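Novice: Take this structure, written in structure tokens, and hold onto it; I'll ask about it next.
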Amino acid sequence: MKIAVLGGGGAMGGFFGGSLAEAGYDTVLVDVSAPAVDAINSTGLHIEERDGSARTVRVAASRDPASVGQVDLILNFVKSYHTAEAIRSAGPMIGPETSILSLQNGWGNAARIAEVVGERRVLVGLTYHAAMLLGPGRVRHPATGTTYVGEINGETSERLTSIVDALGRAGLDVTASEHILEEVWKKLALNASTLPIATILRLFAHELLQHDGAIKLMRSLLDEVVAVAASQAIVLDHDERWEAITGILERAVGGKGSMLQDVEARRRTEIDVINGAIVDAGQRSGVPTPLNAAMVWLVNSIQEAYLAEAKG
């Protein structure tokens, strides 16, 4: 199986792509960042684990999809707001049987991909691994977790089985799900409840559980997510989600949320497809989401300030 990883120069793309390359798969990390691509091609991809161990993976990297050629599978890890542009630029890598698996944060990425290449090519997934970008070609992997993958229609297809097998051979805990959209909502509940608070307060993941105010706000954000999900015929068990969220935060010692990483790097965040998605769905179904709306306003205010400064 030949695999291309869009956003392969980033934290999650690098970790997944490096793991697949280590397992012997013909893997190319595709990224627009010249420093990342140059570093990976020059000295390899460096992955640091939570226990302090580190390894260097030799894996190809490229800024030019045309140089990669057609692949069997594209793993998409780009930021949600770059999805359509990235898939269009990936055209030279897409052959008659190429599948595209979105493992991105937020809601609506599958639809964005389908608008460009058609729904038949698209699979949906999510992962509870955590990764941080330390610099070009350098990734820290502070927390492990399960990765869920599924067909949009819930079928167990031959390609789904093949992808799950590949990720499993790469040492990843992966599960094929017949209810992948429900799993996406579960991950959305985690992200909406934790990422904006960690960003606003500049906290590592595990530090969210050290402050009573943060805990109360996370639970209240989760209340809104569960109510909105129910309005979309998605059943989320509040107690199960809260237990899962706190367990993930406890294990992610030293982990830094993707949204906080974006703010620190002065990049655009994904707040609009995380908490913003909850607000939008709530408005359509008549479910109030004042706290999620407040998170959108606050994080957008933070990023607007530094993006405006960057424009001069």
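The values are calculated or read from the model by the stated rules, or taken from the named source; none is laboratory data. Not measured: the values here are computed from a predicted model. Don't worry about glycine lacking a Cβ; one is built from the backbone with ideal geometry, like all the others, and counts go over all protein chains shown.
Novice: Failed condition for residue 104, given (1) touching a residue at least 40 places away in the same chain (Cβ under 8 Å); (2) under 21 Å from the mean Cα position of the chain (by Cα); (3) at negative phi; (4) not in a strand (DSSP E or B), with all others met?
Specialist: All conditions are met except number (1).
Novice: Now for a separate question. Any idea which of (1) basic (Lys, Arg); (2) touching a strand residue (DSSP E or B) at 6+ places or on another chain (Cβ under 8 Å); (3) under 24 Å from residue 189 (Cβ atoms) is the one residue 79 doesn't satisfy?
Specialist: (2)
Novice: Tell me whether the stretch 168-191 contains one or more residues that are among the basic types (Lys, Arg), modelled with pLDDT of 95 or more, under 30 Å from residue 304 (Cβ atoms) and surrounded by fewer than 17 Cβ atoms within 10 Å (Cβ to Cβ).
Specialist: no
Novice: Restricting the search to the stretch 249-287, which residues are within 16 Å of the chain's Cα centre (by Cα), acidic (Asp, Glu) and closer than 11 Å to residue 228 by Cβ?
Specialist: none
Novice: Another question, then. For the condition surrounded by 15 or more Cβ atoms within 10 Å (Cβ to Cβ) and without any contact (Cβ under 8 Å) to a residue 12 or more places away in the chain, what is the one hit in 237, 272, 280?
Specialist: On the way: 237 fails: surrounded by 15 or more Cβ atoms within 10 Å (Cβ to Cβ); 272 fails: without any contact (Cβ under 8 Å) to a residue 12 or more places away in the chain.
Every option except 280 fails the conditions.
Novice: On the basis of being under 18 Å from residue 288 (Cα atoms), among the basic types (Lys, Arg), at pLDDT 95 or above and surrounded by fewer than 18 Cβ atoms within 10 Å (Cβ to Cβ), does residue 219 make the cut?
Specialist: yes
Novice: Against the definition (touching a residue at least 12 places away in the same chain (Cβ under 8 Å), of a type in the set (Val, Ile, Thr) and either touching a Leu at 6+ places or on another chain (Cβ under 6 Å) or closer than 22 Å to residue 193 by Cα (or both)), how does residue 161 come out, yes or no?
Specialist: On the way: touching a residue at least 12 places away in the same chain (Cβ under 8 Å): yes; of a type in the set (Val, Ile, Thr): yes; either touching a Leu at 6+ places or on another chain (Cβ under 6 Å) or closer than 22 Å to residue 193 by Cα (or both): no.
Against the criterion (touching a residue at least 12 places away in the same chain (Cβ under 8 Å), of a type in the set (Val, Ile, Thr) and either touching a Leu at 6+ places or on another chain (Cβ under 6 Å) or closer than 22 Å to residue 193 by Cα (or both)), residue 161 does not qualify.
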